[in-house]
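Structure first, then comments.
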Amino acid sequence: MKKIRRILVGVIILGLLGFGIYKFFIDVEKYNTTYDKYFTLEEMDYAVVDDEVIVKLINIKDDRCLDVSCDREGQFKVKLLLINQHKFTFVDLGTLEPTLVELDKISLEYTLELIRINDDGKSATLRINKNS
């Protein structure tokens, strides 16, 4: 009985692990784009820029102050993963600050700009420029 229970728990754990890998890597949209061009991503989607840089949108967080008694404006925050030549970095951008980030760490020499976030907070429009 214990052996069957262990096998069942192992199968469930492997199934959940496989589902997580599927949702993170396979069940996403891939876009091909070039430098200096706008592209729109939803959560967990990624864009390949000129076969050099991969930009993956991890999540969009709503930090806006929607309450009437708030004394601050708030903003949407976007968490991105950038991958280039087996090196990666996480980048946080906001609709207020910072909307533009120059990446020069880990040999990434790009400027990443958050253009806008849709009103529903489900997709972000970005642009990546190559620094010369």
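The values are calculated or read from the model by the stated rules, or taken from the named source; none is laboratory data. As the structure is a prediction and not an experimental result, all values here were calculated from the model. Ideal geometry is used to build each Cβ from the backbone, glycine not excepted, and the neighbour counts take in all protein chains shown. Please note that ligands, DNA and RNA were not included when accessible areas were found on the heavy atoms of the full protein model with its side chains. Shrake-Rupley method; radii C 1.70, N 1.55, O 1.52, S 1.80 Å.
When segment 58-92 is filtered for residues that are among the hydrophobic types (A, V, I, L, M, F, W, C) and at pLDDT 75 or above, the ones remaining, listed by number, are ILE58, ILE60, PHE76, VAL78, LEU80, LEU81, LEU82, ILE83, PHE88, PHE90, VAL91. Just one of the numbered conditions (1) open to solvent by less than 80 Å² (accessible area, probe 1.4 Å); (2) under 17 Å from the mean Cα position of the chain (by Cα); (3) at pLDDT 90 or above is not true of GLY10: (2). Selection of first residues in segment 1-22 that are part of a helix (DSSP H, G or I) and of second residues that are open to solvent by 100 Å² or more (accessible area, probe 1.4 Å), restricted to Cβ pairs under 9 Å at least 6 apart or on distinct chains, gives an empty result.
Look at VAL28 and say whether it is of a type outside the set (S, T, N, Q) and closer than 17 Å to ILE115 by Cα. It is false that VAL28 is of a type outside the set (S, T, N, Q) and closer than 17 Å to ILE115 by Cα.
With respect to (1) surrounded by 15 or more Cβ atoms within 10 Å (Cβ to Cβ); (2) in a loop (DSSP other than H, G, I, E, B), the lone exception for LEU41 is condition (2).
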